Amino acid sequence: AEAVNVLRKRCRLHVSGQNVPPPLMSFDDLRSKNIHASGYTEPTPIQRQAIPTLLAERECLACAQTGSGKTLAFILPILMSLKVPSDAGIRAVIVCPIRELATQTARECRKIAKGRKWRIRALTRSMCLDPKLKDLPIDVLVSTPLRLARLLKKKRVSLSGVQYLILDEADKLFEMGFVKQIDSIVAGCSNPKAIRALFSATLPDSVEELARTIMVDPVRIIVGEKNS
Ligand code: ADP
Ligand code: MG
């Protein structure tokens, strides 16, 4: 317990919630081949706490500044938990506020998933127009809120098998006014076992409020100061 507190203090990690899992001391503890391939040696502070939290199937609200490695913090536990690619339908959804970010996030996720046959797809316009969209093999779908909400409304995509829903850049999702779309995506991920997580660079009241309404017993993780 002492080592845990020392590490958290050194990393300026502030956590709250019930039975928060201990932070990751090193990537070696994960025994993940993916991470060795990507060449990272040490986890960033947000990765140290968010990875074990999501692996423990706990919902979380994670706040750390831009450039702090939040993408790896969610995609690594998702891939480790899904274990292998599967044709069972979409099992993880990552929502990003703008298309460029969705494309970039999908690319970063693929980099981490290197060497395995994971189907990580950013939802493109041409995919939306594809009548066979439902049959496309996708493990992880990255999308903006509008595109995904529109497909859901038309029942052209099913999220009922989703195990992980990540709302990335949650502060921006709010600033940009996507509350309605987020609500319908959250509702679409109807699996009672689905794990929801919010990642954000800042924590305005709107994000805290969303966390309270959509998550069960979440772990709150803040690196540094809340709105720096
Ligand atoms: P954020 O989403 O918090 O803004 P990103 O996930 O985009 O940050 O990561 C920022 C950069 O840091 C990326 O180029 C990524 O490859 C790199 N990165 C992520 N994790 C690590 C790590 N553990 N060690 C070194 N670099 C990392
Ligand atoms: Mg990011």
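The values are calculated or read from the model by the stated rules, or taken from the named source; none is laboratory data. Remember, predicted model here, so these are calculated numbers, not experimental data. As a convention, Cβ positions derive from the backbone with ideal geometry for all residues, glycine included, and neighbour counts pool all protein chains shown. When the accessible area is computed, the model is the full protein with side chains, heavy atoms only, and any ligands, DNA or RNA have been set aside. Shrake-Rupley method; radii C 1.70, N 1.55, O 1.52, S 1.80 Å.
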Q. To the nearest 0.05, what FRET efficiency results for residue 14 and residue 176 with a Förster distance of 25 Å applied to their C-beta separation?
A. 0.40
Q) Which value, in debye to the nearest 20, gives the size of the charge dipole of region 157-205 about its Cα centre, when Lys and Arg are +1 and Asp and Glu are -1 at the Cβ? A) 280
**Q.** Total formal charge among the other residues, if their Cβ is under 12 angstrom from that of residue 2, Lys/Arg +1 and Asp/Glu -1
**A.** +2
**Q.** ³J(HN,Hα), Karplus 6.51/-1.76/1.60, whole Hz, each residue of region 72-82, x for Gly, Pro
**A.** 4, 4, 9, 6, 5, x, 4, 5, 5, 7, 6
Q: Using a 1.4 Å probe over the heavy atoms of the protein chains, calculate the carbon and sulfur portion of the accessible area of the chain as a whole percent.
A: 52
Q) At 10 °C and 1.306 mPa s, what whole-number value in µm²/s does Stokes-Einstein give for the translational diffusion of region 136-220, with Rh from the Kirkwood sum over Cα pairs? A) 119
Q. When the chain is treated as a GNM, springs tying every alpha-carbon pair under 10 Å, which of 140, 186, 216 comes out with the largest mean-square fluctuation?
A. 216
Q. Of 137, 191, 204, which is farthest on the positive side of the dipole of region 123-205, counting Cα position, with +1 on Lys and Arg Cβ, -1 on Asp and Glu Cβ, and the Cα centre as origin?
A. 137
Q) For region 24-136, what class follows from the C-alpha gyration tensor (a ≥ b ≥ c being the square roots of its eigenvalues): rounded when a/c is under 1.5, otherwise prolate if a/b is larger than b/c, else oblate? A) prolate
**Q.** Separation of the residue 83 and residue 31 label points, Cα + 7 Å toward Cβ, nm
**A.** 1.4
Q. Okay, helix-only estimate at 222 nm for the chain: each DSSP H run of n ≥ 4 adds -39500 (n - 2.57), divide by all residues, round to 500 deg cm²/dmol; what do you get?
A. -11500 deg cm²/dmol
**Q.** Estimated D of the chain in µm² per second, where Rh is the Kirkwood radius over Cα pairs and Stokes-Einstein applies at 20 °C, 1.002 mPa s
**A.** 122
Q: Would you pull out the residues with amide H under 5 Å of residue 142's amide H, same chain only if 5 or more places away, H placed 1.01 Å from N?
A: 94, 121, 122, 123
Q: Express the accessible area of region 1-158 per residue in Å², computed with a 1.4 Å probe while the remaining protein chains stay in the model.
A: 52
Q) Using alpha-carbon positions, what is the distance between the centroids of region 151-198 and region 55-122, in Å? A) 14
